[in-house]
Each structure stands twice: as structure tokens, then as C-alpha cells.
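Report on the structure given below.
The values are calculated or read from the model by the stated rules, or taken from the named source; none is laboratory data. Here the structure is a predicted model, which means the values were calculated and not measured. Cβ sites come from the backbone with ideal geometry, for glycine too, and all protein chains shown count toward neighbours.
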Amino acid sequence: MTKHFLELFFPKEHFAEDDWQSIISAFRRVHLSKNEYLLLEGSIARHYWFVEEGILRSYAVDAEGRDLTVDFFTAGEVAIDWASFLQQHPTRENIQALTDVVCWQLDFPTFQKLFHQYEPFRQAGRNRLVSSYFSLKRRHIASTVDQAKDRYLNLVDDRPELINSVPLKHIASYLGITDTSLSRIRKELADRN
């Protein structure tokens, strides 16, 4: 693919041609191998990544040393710790490639410049941030009130690309359940079908 992948995020028709070219040329294509990190706990998120292909996982480590999956990022999504990036504070998250990954990177100073220079860029950034907030809010409510089986079924419906591509231990962690509970749910659903 070419930089035209970025049209998913910045539709050409919203920009003057020269402006669009300036924005697109600010991005750098990055390849990560499976298990490489985009971001490590304690560092500051200095880049914004648009995922072209592959799967990344965001996780945090609890007091007992267990890593708990916070989110997954797949093609067409932005891989980011918003708080660390926007506030330039150290993150508590790690973002790791679960597969080989191709993404487009934009550094924080360039992001700031484009954000202030181009209204359509600013609006696209706001829309992405608001969408991420609503997704996080829905997930938080679901983890509080929905049964584990319902959370799993929602994940299957909403993010089917994860089910066969991500280790079950990460899916279980993301759903807030044990590997054993996830295996039991999957067996129960398979037996019914």
C-alpha cells in the first residue's frame, strides 16, 4: 500500500491538494516484527501510529506482576496512549506487536503543528479522540454489568479478526476473566452449535 492508506483517516476531499500532500508527507512508514514494542511503560508517547496491517496489544502490569490487556489495535485504527501523547507524561502502558505490523508514524511536534495549521486535521483528531472515549466508556460499562459470556460474544461480533489471531490468554485478560473461564465459555458455545 501507499500513503493513500492514510486517506482512511484524512479524506482528500476535506483538504486542499497542497495541504493534503503536506500532511501525508509528514508521516513515516514503520515496520515492526512480532513482539517488538511501540511503547514501553515509563516512557512518553512521542508518536501517533496509524495501523495499516497487523495486530498490536496494549497492556499494563499489575502489583502482582501480571500483564493485563488494555486494548488491541488492528488495521485502520490508531495505536496510542492518548494521555501520555497529549500530555507528554510517562505512560503506564506497553504497546507490543502481536504479529508483524506496518504502521504510519507521526511525531508529537509535527502533530501539534498540523493540528493548529489545518482545521480538517484538527477535526479528524477530535473525532478520533471522541470515538476512542466512547469505545472506552462502553467497554467499562460492559465490564461492570455484562456477564463474561456476553462480553465474549460482543467481542466476537465487534472484533472478529482478534478471535483466531490473538492468544486466548490475552483475550481472557482483555475480557477481565481467567483463561479457564474463557475456555469454558468457548466450549459451551461450541457445544450449543
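Residues checked against (1) more than 30 Å from Ala16 (Cα to Cα); (2) free of Cβ contacts under 8 Å to residues at least 12 places away in the same chain; (3) in a helix (DSSP H, G or I):
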{"residue": "Cys103", "(1), (2), (3)": "no, no, no"}
{"residue": "Gln112", "(1), (2), (3)": "no, yes, yes"}
{"residue": "Val130", "(1), (2), (3)": "no, yes, yes"}
{"residue": "Tyr133", "(1), (2), (3)": "no, yes, yes"}
{"residue": "Arg138", "(1), (2), (3)": "yes, yes, yes"}
{"residue": "Thr144", "(1), (2), (3)": "yes, yes, yes"}
{"residue": "Arg151", "(1), (2), (3)": "yes, no, yes"}
{"residue": "Asn154", "(1), (2), (3)": "yes, no, yes"}
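How many of the residues in the range 166-183 are surrounded by 14 or more Cβ atoms within 10 Å (Cβ to Cβ) and in contact with a Leu (Cβ under 9 Å, 6 or more places away or on another chain)?
First pass over the range 166-183, keeping only residues surrounded by 14 or more Cβ atoms within 10 Å (Cβ to Cβ): 166, 170-177, 179, 181-182.
From what's left, in contact with a Leu (Cβ under 9 Å, 6 or more places away or on another chain): 166, 170-176, 179, 181-182.
Residues flagged as surrounded by 14 or more Cβ atoms within 10 Å (Cβ to Cβ) and in contact with a Leu (Cβ under 9 Å, 6 or more places away or on another chain) within the range 166-183 amount to 11.
Exactly one of (1) modelled with pLDDT of 90 or more; (2) surrounded by 15 or more Cβ atoms within 10 Å (Cβ to Cβ); (3) not polar (S, T, N, Q) is unmet by Ala142. Its number?
Here Ala142 clears every test but (1).
Any idea which residue in the range 96-121 is surrounded by the fewest Cβ atoms within 10 Å (Cβ to Cβ), counting only those that are over 20 Å from Arg46 (Cβ atoms) and of a type outside the set (A, V, I, L, M, F, W, C)?
Glu119
Of the residues that make up the range 6-26, is at least one without any contact (Cβ under 8 Å) to a residue 24 or more places away in the chain, of a type in the set (A, V, I, L, M) and in the same structural domain as Ser131 (by TED's automatic domain parsing)?
Scanning the range 6-26, I find at least one residue that is without any contact (Cβ under 8 Å) to a residue 24 or more places away in the chain, of a type in the set (A, V, I, L, M) and in the same structural domain as Ser131 (by TED's automatic domain parsing), so the answer is yes.
Look through the range 19-76, keep the residues that are over 18 Å from Phe111 (Cα atoms), of a type in the set (Asp, Glu) and out of contact with any helix residue (DSSP H, G or I) (no Cβ under 6 Å at 6 or more places or on another chain), and return whichever of them is surrounded by the most Cβ atoms within 10 Å (Cβ to Cβ). Explain how you work it out, then say what you get.
Step one: filter the range 19-76 for residues over 18 Å from Phe111 (Cα atoms), giving 31-37, 40-43, 52-76.
Still in the list and also of a type in the set (Asp, Glu): 36, 41, 52-53, 62, 64, 67, 71.
Subset that is out of contact with any helix residue (DSSP H, G or I) (no Cβ under 6 Å at 6 or more places or on another chain): 36, 41, 53, 62, 64, 67, 71.
Details: Glu36: 14, Glu41: 17, Glu53: 15, Asp62: 9, Glu64: 5, Asp67: 16, Asp71: 19.
Among those residues, the one meeting the criterion is Asp71.
When the range 61-81 is examined, which residues are found to be in a loop (DSSP other than H, G, I, E, B), among the hydrophobic types (A, V, I, L, M, F, W, C) and over 19 Å from Arg138 (Cβ atoms)?
Initial filter on the range 61-81 (in a loop (DSSP other than H, G, I, E, B)): 62-66, 74-77, 80-81.
Among the residues that remain, those that are also among the hydrophobic types (A, V, I, L, M, F, W, C) are: 63, 75, 80.
Scanning the range 61-81 gives Ala63, Ala75.
Write out, first by first residue and then by second, each pair whose Cβ atoms fall under 7 Å of each other, whose residues are 6+ apart or on separate chains, and whose first residue, in the range 170-183, is within 16 Å of Ser143 (Cβ to Cβ) and in contact (Cβ under 8 Å) with a residue 24 or more places away in the chain while the second is among the polar types (S, T, N, Q) and surrounded by fewer than 20 Cβ atoms within 10 Å (Cβ to Cβ).
His170/Thr69; Ser173/Thr69; Tyr174/Thr69; Gly176/Ser143
Please list, ordered by first then second residue, the pairs with beta carbon atoms under 6 Å, 6 or more apart or interchain, first in the range 29-53 and small (Gly, Ala, Ser), second in a strand (DSSP E or B) and surrounded by 13 or more Cβ atoms within 10 Å (Cβ to Cβ).
Going by the 6 Å Cβ cut-off, the qualifying pairs are Gly42/Pro90; Ala45/Leu39.
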